[in-house]
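Student: Here you go, one structure.
Every number in this text was worked out from the coordinates using simple rules, so none of it is lab data. The shown structure was predicted, so the numbers you read here are calculated from the model rather than taken from an experiment. Don't worry about glycine lacking a Cβ; one is built from the backbone with ideal geometry, like all the others, and counts go over all protein chains shown.
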Amino acid sequence: MAKIGNIDVGDFPLLLAPMEDVSDPPFRALCKEQGADVVYTEFISSEGLIRDAAKSTMKLDIYEKERPVGIQIFGANLESMLQSVEIVEKSGPDIIDINFGCPVKKVVSKGAGAGILKDVDLMVSLTEAMVKHTKLPVTVKTRLGWDHDSIKILEVAERLQDVGCQAISIHGRTRAQMYKGEADWAPIAEVKNNPRMHIPVFGNGDVDTPERAMEMRDKFGLDGAMIGRASIGYPWFFREVKHYFETGEHLPPPTMKERLDAARRHLQMAIDWKGEKLGVFETRRHYTNYFKGIPHFKEYRMKMVTSDDSVDVFKAFDEVEREFSDYQFA
Ligand SMILES: Cc1cc2nc3c(=O)[nH]c(=O)nc-3n(C[C@H](O)[C@H](O)[C@H](O)COP(=O)(O)O)c2cc1C
């Protein structure tokens, strides 16, 4: 049974990865319904939070039904990170997660995200200060290292644990790899097998089938799987993995009705939460997967992703329902 601080997260939990413009309340709700055990918000800038930037504070919204939920923040300035801990606490999350893994230039150039992998002492001291500043469990999400020649994840994980980090999620790539190549889970297993480690070690990167999730559990012996891209437009991935663990068999894919229900609810929740314009825009990336496999679908998908008006998108869903209600997904 894995525990993050005092929170029991079950045996080999499945965690929804923090994903910018993806892991928002509507999508988290859908993933939770389908079996995600822990969900994380997308990363939130500590500098944005302390300036009360509307975009950052809106990302703090969480809902009872999604617990346990972690709010992820990033930054490299101690004072800003501590102040944002206080702001984040007001939203009542169960966990505060620190992003030490984001590879994008605008983040790493400020020494935040994966940028901090170049300064492990700072990474550790920031974590320690945050742990001391809150009663909530603090977790860390990071990568294997800055680049192939500077992988120190074994030492990093131990030191983070020693200053009170309550769980670590490791993406099996370096910053230099960005998203290229395959995630390497062997170094993550080394962290887990270190006899000094006692906090949960969650694996991340390329879990895209139930078999891969099982491999992460049984071959690599990790404490849980953090799932990102495989869930985009496919929140059913969580229930499929769970079913496979329980029975060794694959669930049939979700039906057209389930997909349409999810797409409609997703869009409506997104509009309710962030308004028509952003709601329509940011739900677009999910449609390819919601309706993946339907032949000659381009015309319908184009309608869903080109109009700024939700009425047109809902109409496109209705058309899909009329045209393809009998379609059997493979
Ligand atoms: C669209 C997108 C946005 C992401 N945003 C974040 C983020 O805000 N915070 C973070 O720690 N990682 C972020 N990531 C990285 C994912 O959390 C995860 O580490 C990565 O996608 C590898 O896992 P996967 O192969 O299961 O997708 C993002 C990834 C994607 C694809």
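Student: Which of the lysines could a cross-linker span from Lys118 if the Cα-Cα distance has to be under 21 Å and same-chain partners fewer than 8 positions apart are dropped?
Tutor: Lys118 reaches Lys105, Lys106, Lys110, Lys141, Lys152, Lys180.
Student: Using a simple spin-label model with points 7 Å from Cα along the Cα→Cβ vector, what separation in nm is obtained for Thr209 and Asp147?
Tutor: 3.4 nm
Student: For a label point 7 angstrom out from the Cα of Met302 toward its Cβ, which stretches of the range 233-255 have the backbone nitrogen within less than 15 Å?
Tutor: Inside the label zone: nothing.
Student: As a footprinting exposure proxy, order Asp312, Asp326 by other Cβ within 10 Å, with the fewest listed first. Spell out each step's value before the answer.
Tutor: Numbers: Asp312 13, Asp326 6.
Listed from fewest to most nearby Cβ atoms, that is Asp326, Asp312.
Student: On average, how much area does the Cα convex hull of the chain cover when viewed from any direction, in nm²?
Tutor: Values: hull surface 65.0 nm².
Projected over every direction and averaged, the Cα hull of the chain covers 16.3 nm².
Student: So what is the 222 nm mean residue ellipticity for the chain from helices alone, if each DSSP H run of at least 4 adds -39500 (n - 2.57) and you divide by all residues, rounding to the nearest 500 deg cm²/dmol?
Tutor: -13000 deg cm²/dmol
Student: Could I have the simple spin-label model distance between Phe281 and Asp318, label points 7 Å from Cα toward Cβ, reported in nm to one decimal?
Tutor: Between Phe281 and Asp318, the simple spin-label model gives 2.7 nm.
Student: Put +1 on the Cβ of every Lys and Arg and -1 on every Asp and Glu Cβ in the chain; which of Ile44, Phe202, Gly228 then has its Cα farthest towards the positive end of the dipole?
Tutor: Ile44
Student: Also: Can you give the Rg to Rh ratio for the range 13-59, taking only C-alpha atoms and Rh from Kirkwood? Before the final figure, lay out each step's value.
Tutor: On the way: Rg = 11.9 Å, Rh = 11.2 Å.
Computed over Cα atoms, the ratio is 1.06.
Student: Rank the residues Arg265, Arg229 as a footprinting-exposure proxy: fewest other Cβ atoms within 10 Å of their Cβ go first. Numbers along the way, then the final one.
Tutor: Values: Arg265 14, Arg229 17.
Listing Arg265, Arg229 from fewest to most nearby Cβ atoms yields Arg265, Arg229.
Student: Another question, then. Along the principal axes of its C-alpha atoms, what lengths does the range 169-302 span, in descending order and rounded to whole Å?
Tutor: Here the Cα extents, ordered largest to smallest, are 53, 35, 28 Å.
Student: Using the Cα atoms as the points, what is the convex hull volume per residue of the range 78-189 in Å³? Don't jump to the answer; show the numbers that get you there.
Tutor: Working: hull volume 11.5 nm³, N = 112.
Spread over its residues, the Cα hull of the range 78-189 gives 103 Å³ apiece.
Student: Kindly put Tyr179, Tyr300, Tyr234 in sequence by how many other C-beta atoms sit within 10 Å of each C-beta, fewest to most.
Tutor: Tyr179, Tyr300, Tyr234
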